[in-house]
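Take a look at the structure set out below.
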Amino acid sequence: MSKVRELIDKGVDIPCPESVMVGDEVDVSRISGDGVVVYPGCKILGASTLILQGAKIGYEAPATVDSCWVGPQVELKGGFFQGAVFLKKASMGSGAHVREGTILEEQAGGAHTVGLKQTILFPFVTLGSLINFCDIFMSGGTSRKNHSEVGSSYIHFNYTPNQDKATPSLLGDVPRGVMLDRPPIFLGGQGGLVGPCVLSFGTVAAAGSIVRKDETREGRLLATGYQRNVNIPYFPSAFANLRRIYENNILYLGNLFALKQWYAHARARFVSSEFPEELLQGLKTNLDKAIAERIKRLKAFFENLPVEKQRQGQRQSDVFAFVERVVDRWDDLEYLFQSRQQADQFADIRDPFLEALGRGIQDRGKDYVSVVQHLSRGHSEAGTRWLEKIVDTTVFGGAEIVS
């Protein structure tokens, strides 16, 4: 009860103190006393937990917040939240299950009963109810009235019959998505997406559709369904679409590397009372976890492919050779992954953009969304070119290593 008393003394509104648990490891100095409300039945755990001004925890149902970075005016209305980052005005409804590697940027959120892990949502992205959306990145949209949307009862299929998770899906991208000026993506309810999949900005998937193929053209309507019933013998095979799986994973990693540089050089300029250094560090920590997860899953996918067993009964020498090249040259891939994360790459393109961003901050203050959305078209395109160079060199390097 002593930690609860400390929070009350700071000014945190706890309507029913006897029903709230605060772990002994929690650093009370990292929880704001300015407008924070913790409703009955909640638990706050974890030494790294940060809760900023105006946050509301557990309004709809009890909530557990463990080792999360909670920005200003965030609403976590009920459920389990562990190792996640929530920026200003992000929100999640009751029944949420949000785990490590997850980042919700400004005004992103979900309704009730949403499961997230290793999920990155850019500003304004909105999820409906009864959704499982793990191992995925989503951007697109320009405001709360024009945002990327995922309909209720949607699922990202991120686990295969071969028991691997080399399945991250990229909806939109980082280089253009960070500029907050791209058309939104819409995934209709009662549908699904089979990872790893790539969809471009402006994609609309009709309700009830299961999207299984990439669509890199913008502004496409996807409506899918089975044309006939299938009932045939099943023979497990890990060798379908190997190159696509590899290429989509490398593309996903390239986007994460670009986002890492964006956080280091662009986001870092917005540190303020509403976006303190601790919250920036939370972004960097979770992004590093997301990168490590994707590298681990990709490596395990190729190392665990039963090449010798399959070789005995099938003639797919080109497929086996590709698998062996990936495994044999993994050290080269690791070097590529490390080099693409270095802070000083492409400074000739980056620095003029950052100067323009700095002038925007001088003119408009440290409101991230406002500053980014008021960049000139030329400056936005320059920033996109910088980030695209990181993505493109990652993709090209990945292709060259296994060629």
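Extension gain for ASP392-LEU221 works out to 58.9 nm (0.36 nm per residue, less the C-alpha to C-alpha distance). Please enumerate, by chain and number, the lysines with C-alpha under 29 Å from the C-alpha of LYS10, excluding those fewer than 8 residues away in the same chain. By straight Cα distance, LYS10 reaches LYS43, LYS56, LYS77, LYS88, LYS89, LYS284, LYS366.
Full extension of the chain between HIS374 and ARG244 yields a length gain of 43.1 nm, computed as 0.36 nm times the residue separation minus the alpha carbon distance.
Averaging the sequence gap over all C-alpha pairs within less than 8 Å and six or more residues apart, then dividing by the number of residues, gives the chain a relative contact order of 10 percent. In this simple spin-label model, placing a label point 7 Å from the Cα along the Cα-to-Cβ direction at both ASP351 and VAL194 gives a separation of 4.9 nm. What the chain shows is 43 Å² of accessible area per residue, with the surface traced by a 1.4 Å probe over protein heavy atoms. When the Gaussian network model of the chain links Cα atoms closer than 10 Å, the mean-square fluctuations of GLY95, GLY172, GLY23 top out at GLY23.
The distance linking region 315-393 with region 207-224 is 26 Å (Cα centroid to Cα centroid, whole angstrom). Think of the chain as having a plus end and a minus end, set by charges on the Cβ of Lys, Arg, Asp and Glu; of PRO276, VAL36, SER200, SER200 sits farthest toward the positive end of this dipole.
Stretching the chain fully between LYS366 and ALA61 yields a gain of 106.5 nm (0.36 nm per residue, less the alpha carbon separation). Measuring nothing but how far apart in sequence close Cα pairs (under 8 Å, 6+ apart) lie, relative to its length, region 1-145 scores a relative contact order of 13 percent. Highest mobility in the GNM of the chain, judged by mean-square fluctuation with C-alpha springs under 10 Å and restricted to TRP69, TRP262, TRP330, is found for TRP330. The angle separating the long axis of helix 277-303 from the principal Cα axis of greatest extent in the chain is about 20 degrees. Amide hydrogen proximity for PHE80: with H placed 1.01 Å from N in the peptide plane, the residues at 5 or more positions away or on another chain lying under 5 Å are THR64, ALA96, HIS97, VAL98. Between the residues CYS134, GLN82, THR113, the greatest Cα displacement towards the positive end of the dipole of region 33-166, with unit charges on the Cβ of Lys, Arg, Asp and Glu, is found for THR113. Calculated mean residue ellipticity, 222 nm, the chain: -11500 deg cm²/dmol, from DSSP H runs (n ≥ 4) at -39500 (n - 2.57) each, averaged per residue and rounded to 500. When the chain is treated as a Gaussian network with alpha carbon springs shorter than 10 Å, the biggest mean-square fluctuation among PRO196, PRO17, PRO183 belongs to PRO17. Annotation for region 23-52 versus region 156-184: alpha-carbon center distance of 32 Å. For the chain, the longest principal axis of the alpha carbon atoms and the long axis of helix 330-339 meet at an angle near 40°. Could you tell me what a quarter of the Cα convex hull surface of region 10-123 works out to, in nm² with one decimal place? Value for region 10-123: 5.7 nm².
Given a 1.4 angstrom probe, I'd like the percentage of the accessible area of region 124-189 that is carbon and sulfur, rounded to a whole number.
Working: 1090 of 2030 Å².
Result for region 124-189: 54 percent of the exposed heavy-atom area is carbon or sulfur.
The values are calculated or read from the model by the stated rules, or taken from the named source; none is laboratory data. Because the structure is predicted, anything quoted here is derived from the model rather than measured. Heads up, the Cβs are rebuilt from the backbone with ideal geometry, glycines too, and the neighbour counts pull from every protein chain shown. Accessible surface areas use protein heavy atoms only, side chains included; no ligands, DNA or RNA. Shrake-Rupley method; radii C 1.70, N 1.55, O 1.52, S 1.80 Å.
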